[in-house]
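The values are calculated or read from the model by the stated rules, or taken from the named source; none is laboratory data. Since the structure is predicted, the reported quantities are computational estimates derived from the model, not experimental observations. As a convention, Cβ positions derive from the backbone with ideal geometry for all residues, glycine included, and neighbour counts pool all protein chains shown. To get the accessible areas, we keep the full protein, side chains included, count just its heavy atoms, and leave off ligands, DNA and RNA. Shrake-Rupley method; radii C 1.70, N 1.55, O 1.52, S 1.80 Å.
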Amino acid sequence: KLTAVFGYNQNNRKEFEDTVVIPNLNLMLQTVTYNFRSNTALLNEKLNLITGLQGLNQRNQNKADEALIPDAAINDIGGFAVLNYFPARDLNFEGGIRFDNRSISTTEMQTPDTYFPKLNRSFANFNFSFGSSYRIKRIVWRANLATGFRAPHTSELLSNGVHEGTLRYEIGNKDLKTEKATQIDFSIHFEKEHFSFYINPFFNRIDNYIFLSPSDSINNNLPVFYYRQIQADLSGVEAGFHWHPHPVDWLHFESNYSAVFAIDKAKKNLPLVPANKIQTTFKAEFKTKGRVKFENIFVEHIYRFSQNRIAVYETSTPDYHLLHAGLIFQITAKNNTFEITAGVKNMLNTKYVDHLSRFKYIGINNAGLNAHIGLKWEFRTGEK
């Protein structure tokens, strides 16, 4: 079985002054993607081979006096092969290899405030993965060892200006190297008819880890962040359960916990690491009949731990609780189905700031009490 997918996207960002659109464009971004994939069954379907080729061509062109990154062209290409082997019904092995190459070419630019040098660089790397899963009655065990590769992006290499989307003054590093990661992870999944549980610890060693580092400098009244590299160790765990007690199977109780820890080679904390989180949801599902069907209602509680594992020039964040609620119902009329979702977020109007919020450094909190409503319309034609 062979599958081919192509994509093209052009994004034009215009500059506004009062209510008049200025003809010149700030930025033109053109992206072409392609994806070929082949799936072949061998050895009476006990062996499955997947091969593929993926690529991207992206060009950005500035059409304004100010620029965060220069005009650039990026070409990505990657080929992969994955082999699945099923020696027994409850046992599976999977292995894969992949090669990637990224080339970046930029033009020399001079804006009123910034100079961008010309840059031509190429990044390439081989990666592999190997994993296995084994089921023993109601328990599924999984283990995986894999390497990873990520080439630096244009913004990480050459940024030198205000990033309006993050409200930071970001400065890139043209000498950044390729990120190379090695990760090992395990998982245990237990499942019964009315109860399931999982736990998934992991460890990831990343050489040349690219990150945004805060500083004590101010530029254009905004904090200055630098793109830097260092060896990083990321570890953590995800765990959770789902319970819907019998005979009240319409009632669901779910809770999960996630934690990430990130340190450098000197055992110092890395910046911009999310705080640990517990998320708990009570949901009631209903099987009603008629044109108006009430599907479910839920209440969700989120607890974010305080984040005191911070880097130099980074500020800590206190813990907080959030409470959300919502419901979903359907309305059917002839060949049309309308699904309506509605809810309230931050019901207690908690005053808080997320540790990764881009507004944190200018003293703006996250959203307080707010409501939302959504409508999805499904319609069928040609039916009597």
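In this structure region 179-323 gives 57 Å² per residue of accessible area when probed at 1.4 Å with all protein chains present. Of all the options 373, 77, 69, the one that moves most in a Gaussian network model of the chain with Cα springs shorter than 10 angstrom is 373. Simple rule: put +1 on each Lys or Arg Cβ and -1 on each Asp or Glu Cβ in the chain, find the dipole, and look at 73, 143, 32; the Cα lying farthest toward the positive end is 143.
Each of residue 49 and residue 139 was given a label point 7 Å from its Cα along the Cα-to-Cβ line. The distance between the two points is 3.7 nm.
A simple rule links phi to the HN-Hα coupling: the Karplus curve 6.51 cos²θ - 1.76 cosθ + 1.60 with θ = phi - 60°, which for region 266-276 gives 8, 6, 8, 5, 8, x, 6, 9, x, 6, 4 Hz, with x for Gly and Pro. What is the distance in Å between the Cα centroid of region 284-315 and that of region 197-261? About 17 Å separates the Cα centre of region 284-315 from the one of region 197-261. Of the solvent-accessible surface of region 218-361, computed with a 1.4 Å probe and all protein chains present, 58% belongs to carbon and sulfur. In terms of packing, defined here as the mean over residues of other Cβ atoms within 10 angstrom, the peptides 160-173, 246-259 line up highest first as 160-173, 246-259. The shape of region 175-262 comes out oblate: with a ≥ b ≥ c from the C-alpha gyration tensor, a/c is at least 1.5 while a/b does not beat b/c.
Protection proxy ranking for 349-356, 101-108, using the average of other Cβ atoms within 10 Å per residue and placing the highest first: 101-108, 349-356.
Does a label point 7 Å from the Cα of residue 208, set along Cα-to-beta-carbon, have any residues of region 263-285 with amide nitrogen under 19 Å, and which are they? Residues 264-265 qualify, since their backbone N sits under 19 Å from the label point. PRE reach from residue 128 (point 7 Å along Cα→Cβ): which of region 73-106 fall under 14 Å by backbone N? In region 73-106, the label zone of residue 128 (backbone N under 14 Å from the point 7 Å along Cα→Cβ) covers 81-83, 94-99. 3J(HN,Hα) along region 37-45: 8, 10, 10, 10, 9, 9, 6, 6, 6 Hz, from the Karplus curve 6.51 cos²θ - 1.76 cosθ + 1.60 with θ = phi - 60°, whole Hz, x for Gly and Pro. Is the chain best put as rounded, prolate or oblate by its Cα gyration tensor, with a ≥ b ≥ c the root eigenvalues, rounded for a/c under 1.5, and otherwise prolate when a/b is larger than b/c, oblate when not? Here the chain falls in the rounded category. Seen from a random direction on average, the alpha-carbon convex hull of region 198-238 projects onto 4.1 square nanometres. Comparing 296, 60, 125 in a Gaussian network model of the chain, where Cα atoms under 10 Å apart are tied by springs, the biggest mean-square fluctuation is seen for 296. Per-peptide packing, taken as the mean over residues of other Cβ atoms within 10 Å, places 359-369, 270-280 in the sequence 270-280, 359-369 from highest down. The dipole here belongs to region 290-329: it is taken about the Cα centre, uses +1 on the Cβ of Lys and Arg and -1 on the Cβ of Asp and Glu, and is about 200 debye. Relative to the Cα centre, the charge distribution of the chain, modelled as +1 at Lys and Arg Cβ and -1 at Asp and Glu Cβ, gives a dipole magnitude of about 1100 debye.
Placing +1 on the Cβ of every Lys and Arg and -1 on the Cβ of every Asp and Glu, with no other charges, gives region 144-291 a dipole of roughly 100 debye about its Cα centre. Helix-derived [θ] at 222 nm for the chain: sum -39500 (n - 2.57) over DSSP H runs of at least 4, divide by residue count, nearest 500? Calculated at 222 nm, the ellipticity per residue is 0 deg cm²/dmol.
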